[in-house]
1. So for region 211-227 (the condition being more than 30 Å from G21 (Cβ to Cβ) and β-branched (V, I, T)), does at least one residue qualify?
2. Just need a number here: residues in region 151-185 that are surrounded by 15 or more Cβ atoms within 10 Å (Cβ to Cβ), under 22 Å from L74 (Cα atoms) and among the small types (G, A, S).
3. Applying the selection to region 242-265, what residues are more than 19 Å from the chain's Cα centre (by Cα) and open to solvent by less than 50 Å² (accessible area, probe 1.4 Å)?
4. Can you tell me which residue is modelled with the highest pLDDT among those in region 189-206 that are farther than 16 Å from V280 by Cα and of a type outside the set (A, V, I, L, M)?
5. When you scan region 186-203, how many residues do you find that are of a type in the set (A, V, I, L, M) and open to solvent by 20 Å² or more (accessible area, probe 1.4 Å)?
6. Which one of D39, D72 is open to solvent by 70 Å² or more (accessible area, probe 1.4 Å) and more than 26 Å from T258 (Cα to Cα)?
7. Evaluate region 7-14: report whether one residue or more is surrounded by fewer than 18 Cβ atoms within 10 Å (Cβ to Cβ), under 26 Å from R292 (Cα atoms) and not β-branched (V, I, T).
8. What pairs come up if the first residue lies in region 31-42 and is under 15 Å from I154 (Cβ atoms), the second is small (G, A, S) and assigned to a helix (DSSP H, G or I), and their beta carbons are under 7 Å apart, counting only those six or more places apart or on different chains?
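The values are calculated or read from the model by the stated rules, or taken from the named source; none is laboratory data. Predicted model only: the values in this text are computed from it and were never measured. Heads up, the Cβs are rebuilt from the backbone with ideal geometry, glycines too, and the neighbour counts pull from every protein chain shown. For the accessible areas, the whole protein counts, side chains as well, though only heavy atoms, and no ligand, DNA or RNA atoms are used. Shrake-Rupley method; radii C 1.70, N 1.55, O 1.52, S 1.80 Å.
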Amino acid sequence: MTRDDTAEAAALEAERPRLLGLGYRLLGTVADAEDAVQDGYARWYRMPPAERDAIENPGAWLMRVTSRICLDLLGSARARRESYVGEWLPEPLPTADVARFAVRAADDPLDRAMLDESVSTALLVVLEALTPAERVAFVLHEVFAVPFGEIAEILGRSPEACRRLASSARRHVREGRAGAVSRERHDEVVRAFVAAAGSGRLEALVALLAPEVVLVADGGGLASAARRPVLGPDHVARYVAGILERRGPALEWAVHETADGLVLVFGERGIVDSVASVEVRDDRIAQVWIMRNPGKLQRWNPSATDAG
């Protein structure tokens, strides 16, 4: 490999974190994002050298191709989810990976908050309700600041049609996140929830839950989890209390800072087997998401993954 080839390979590899950030925001799991990005790189290297040399901006080319790959995967996701065991949730990211999948360095606090929000479970759940084209248009424009002219090339639509898609997506996101509290208030409620759960007082848990609260757990058929959403304060409180009671003194749990604010992390003998994040609206918990699928918790157990 010549010096020029080495420099080109290094420049291409430098695009990988940005592409992984794109794939994760579009597909909801790191594994799917990694597969999409790898497919994009494979297409690049399969091209004849003359075709590669004619591309002025390889990073932009990889962004377009990876977006199209993700768009195709999103189109088939509904069929794949039908065979998924139980409820499907996006993969929660530990703090280290939030930084790893950052789109760019952000010095402004508001900008950093927006980038964190873009990989939060709360937002990714809302994005699941969008059409594939809406999701691609929203993520590319709102998070990556891709012009609508370039998005039009990816989606095969006019720039104006892409603008309407992004506008529709923004409206759905605003509606889906209506009533969400500040990060500080969110964390206060989570700490109160932890204290109530630790006290064993069911009524204290119920008091922190919104009347319309919904709990969704993702075990993927690989770990025990509620097969259907749990509805209502009493049922959700009893479900949480039941988990703590069944697992007994061996259970280790703590709060961790993530893109969703504080989340509850559970495990035994130093191995994380559950991550619970919540959405707080109007000072009460309105959504509870519990990830138990071990395939989506590997990044919470790096030492176990390395050992494997």
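1. yes
2. Counting residues in region 151-185 that are surrounded by 15 or more Cβ atoms within 10 Å (Cβ to Cβ), under 22 Å from L74 (Cα atoms) and among the small types (G, A, S) gives 6.
3. G242, I243, L244, G248, L251, A254
4. The extreme case among them is E203.
5. From region 186-203, those of a type in the set (A, V, I, L, M) are 189-190, 192, 194-197, 202; that's our starting set.
With the extra rule that they be open to solvent by 20 Å² or more (accessible area, probe 1.4 Å), the set shrinks to 192, 194-195, 202.
Number satisfying all stated conditions: 4.
6. Values: D39 fails: open to solvent by 70 Å² or more (accessible area, probe 1.4 Å).
After ruling out the rest, the residue left standing is D72.
7. No: zero hits.
8. Correct list of pairs: A36/G23.
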